[in-house]
Amino acid sequence: MIEISGLGKTFIGQDGAAVRALDDVNLTVQENEFLTVLGPSGCGKTTMLKMIAGLLPWDQGEIAIGGAPVRGPGPDRSMVFQNFALLPWATVLDNVAFGLRMRGVGKKEREERSRELISLVGLSGFESKRPGELSGGMQQRVGLARALAVEPSVLLMDEPFGAVDEQTRRLLQEELLAIWEKNRLTVVFITHSMEEAVLLGDRVVLMSARPGQISEIVPVPLERPRSSDVGGVERSSDYVNITAYLWERLREMHEERSVVAGSGPSV
Amino acid sequence: MVTAARRRPAWVRALDSNLTYQIGTFVLFALGWQVYGTVWGGLLVPTFTETVEAFVELVGTREFWDAMFVSNQALVIGFALAVGIGVPVGVVLGRFRTLERYLNVYLNILLVTPMAAIIPLLVMSVGFGLLSRVILVTIFAIVMVIVNVRAGVRQVDPALIQMARSFGASEREIWMRILIPGALPSIMTGIRLGLGRAVTGMVIVELLMVSLALGNLILEYRGMFNGPALYATIAAILIEALVLISLARLLERKVAPWAPNNQKGANQR
């Protein structure tokens, strides 16, 4: 269980002005819940994720995981990055084993474990390839395998499928769902896609920008296991309604902003 | 592209390599030289064939190999020092910006100063021995090494560092597993470019500071108006430089084959 209370952070921008990146964020993520976080760019969703990961400091509030306050990166969490963050010089096997290596797992065990994960994400046979020889979708499979290899209880995903094409993205979503069904763990998943947020999440956290705040938490009562093939959830009325509702809310946020921007003196 | 290449006969494809073009331009160059040397050449402009003859004769003499040995002593020691000092300094400068603020000005001085100008200073302070030649080769080469290594460390993707930290990597592990391997392609490039400068330094120091070895041969042949031998000596230096640079380039590709610059078909910088 992740408990976030009163989380706040102010950055000093390049022009010297203070930017309230996060303001009084309160959020509880249940054990083994798949939580998606949706919001316009600049709403602080990635900042919040990196704070949970222990990679960024904050000014106010508290983050606790399983009752223990977060003070930095820890073995209970692992992260999947937007631009994959793979080591270009290392093979797929070594990339997947990287987290285990940092955790001090011996060579034999980490290779064995990495091979299992590589086969789980469907990359068997590519163990000795380098990231440069793989497609974007395959690279993110490596990123996912690396994160799962350390057996985290919390998986943090920062727009993981944002850098791949639409078709690959759908396949990856399905694979992620299948993996999660087999091996449930707590997931915090950042996205800017309404469809993705609804398809994957048990709840969708909607954030608004300036200051970065939680605007609403929308439960997604779609049955699991979910899939997006024919007859899948995407045709259910719940899916359609929630996606439409989220888009309405997001559009309001954009309108508010454009009104604010338009109300100033014209230059 | 691929299918078009496949349709061409094998001998055409074999010919379509960098080497073919390099040999082609060399043949043109040699022809032009030959014509110029024959028509306008005087005492100090031998023809291409005269130079080749003199070259063959030169590499048969003991004097030449002695000179090579003495010159290369300074090259080997000086270059080794440049790499041994330059790589760590470049890495540190790349990682710690504050330190760089203090040292940047000296680096720029090394980069833009005509090195010949400091030769008298060197001679006055350390004399004419091997030491001063080594020092000059080192300062010639070290700038290239430092600048490239620094750039290499700096362009390591910060996302990789963050990734490593998220898995609990210590600062030491970030150095060993992310920064050093990430900078390796640039480190190798710096070493290769530094090698080129080291050869330059080796020759310049012998021409301007201590008439010795290869530099002395050049001065001597010039004094005797022996054009062919003068050109042959210079050719020998060029050949050595080319061989060394090619070896460095080979090593670069071997050590960091993942780097975009080292992939097959990538052009040399």
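The values are calculated or read from the model by the stated rules, or taken from the named source; none is laboratory data. This one's a predicted model, so the numbers in the text were calculated from it and none came from an experiment. Cβ atoms come from the backbone with ideal geometry, glycine included; neighbour counts cover every protein chain shown. Side chains included, ligands, DNA and RNA excluded: accessible areas come from the protein's heavy atoms. Shrake-Rupley method; radii C 1.70, N 1.55, O 1.52, S 1.80 Å.
Some points to look at:
- Using a 1.4 Å probe over protein heavy atoms, the accessible area lost on pairing A with B, summed over both chains, comes to approximately 1800 Å².
- Partners for A:LYS45 among lysines (Cα-Cα distance below 19 Å; same-chain residues under 8 apart left out): A:LYS9
- Convex hull of the stretch B:88-177 built on C-alpha atoms - directionally averaged projected area, nm²: 7.2
- Positive-end residue of B:THR189, B:ILE204, B:ALA151, charge dipole of chain B with Cβ unit charges: B:ALA151
- Distance distribution P(r), the stretch B:42-137, all Cα-Cα pairs, bin width 10 angstrom from 0: 13, 26, 27, 21, 9, 3 percent.
- Bridgeable aspartates and glutamates around A:LYS129 (alpha carbons under 16 Å apart, same-chain partners fewer than 8 residues away excluded): A:ASP94, A:GLU111.
- Burial of 30 Å² or greater, the stretch B:167-188 residues [accessible area, probe 1.4 Å, versus chain by itself]: B:PHE167, B:GLU173, B:ARG177
- Residue (of A:VAL92, A:MET102, A:LEU120) at the positive-pole extreme of the stretch A:86-151, dipole from beta-carbon charges: A:MET102
- For the protein assembly as shown, convex hull of alpha carbons as volume per residue, Å³: 253
- The residues of the stretch B:133-166 listed by number as losing at least 50 Å² of accessible area in the complex, against the isolated chain and with a 1.4 Å probe, are B:LEU160, B:GLN162, B:MET163, B:ARG165, B:SER166.
- Mean Kyte hydropathy of -1.0 or more with a Cα span along the axis of at least 27 Å, helices from DSSP in chain A: A:237-263
- Summarising the label geometry, the points placed 7 Å from Cα in the beta-carbon direction at B:VAL126 and B:ASP16 lie 5.2 nm from one another.
- For chain B, accessible area per residue (1.4 Å probe, heavy atoms of protein chains only), Å²: 56
- Protein accessible area in chain B, 1.4 Å probe - carbon and sulfur %: 69
- Only Cα sites of the stretch A:86-151 enter the Debye sum here, all with the same form factor; the resulting log10 I(q)/I(0) across q = 0.18, 0.22, 0.23 1/Å is -0.52, -0.78, -0.86, listed in q order.
- Remark: mean inter-chain Cβ contacts per residue of A:144-152 equal 1, using a 10 Å Cβ-Cβ cutoff to other protein chain atoms.
- The stretch A:35-108, accessible surface, carbon-and-sulfur percent (1.4 angstrom probe): 53
- Counting all C-alpha pairs of the stretch B:202-247, share separated by more than 17 Å (%): 35
- Structure-based [θ]222 nm, the protein assembly as shown - -39500 (n - 2.57) summed over DSSP H runs of at least 4, per residue, nearest 500: -19000 deg cm²/dmol
- Cα-based Rg / Dmax (Å) for chain A: 19.3, 66
- Relative compactness, the stretch A:100-223, computed as alpha-carbon Rg over 2.2 N^0.38 Å: 1.17
- Span-like helix criteria (full DSSP H runs; alpha carbon extent of at least 27 Å along the helix axis; mean Kyte-Doolittle hydropathy of at least 0.0) are satisfied in chain B by B:18-39, B:62-95, B:130-154, B:180-208, B:227-255.
- For the stretch B:71-255, diffusion coefficient by Stokes-Einstein and Kirkwood Rh (Cα), 20 °C, 1.002 mPa s, µm²/s: 120
- Using the 1.4 Å probe convention, the accessible area of the stretch A:86-151 works out to 42 Å² per residue with neighbouring protein chains retained.
- Given +1 at the Cβ of Lys and Arg, -1 at the Cβ of Asp and Glu and no other charges, the dipole of the stretch A:86-151 around its Cα centre is 140 debye to the nearest 20.
- This model, with +1 at the C-beta of Lys and Arg and -1 at the C-beta of Asp and Glu, gives the stretch B:50-201 a dipole about its Cα centre of some 860 debye.
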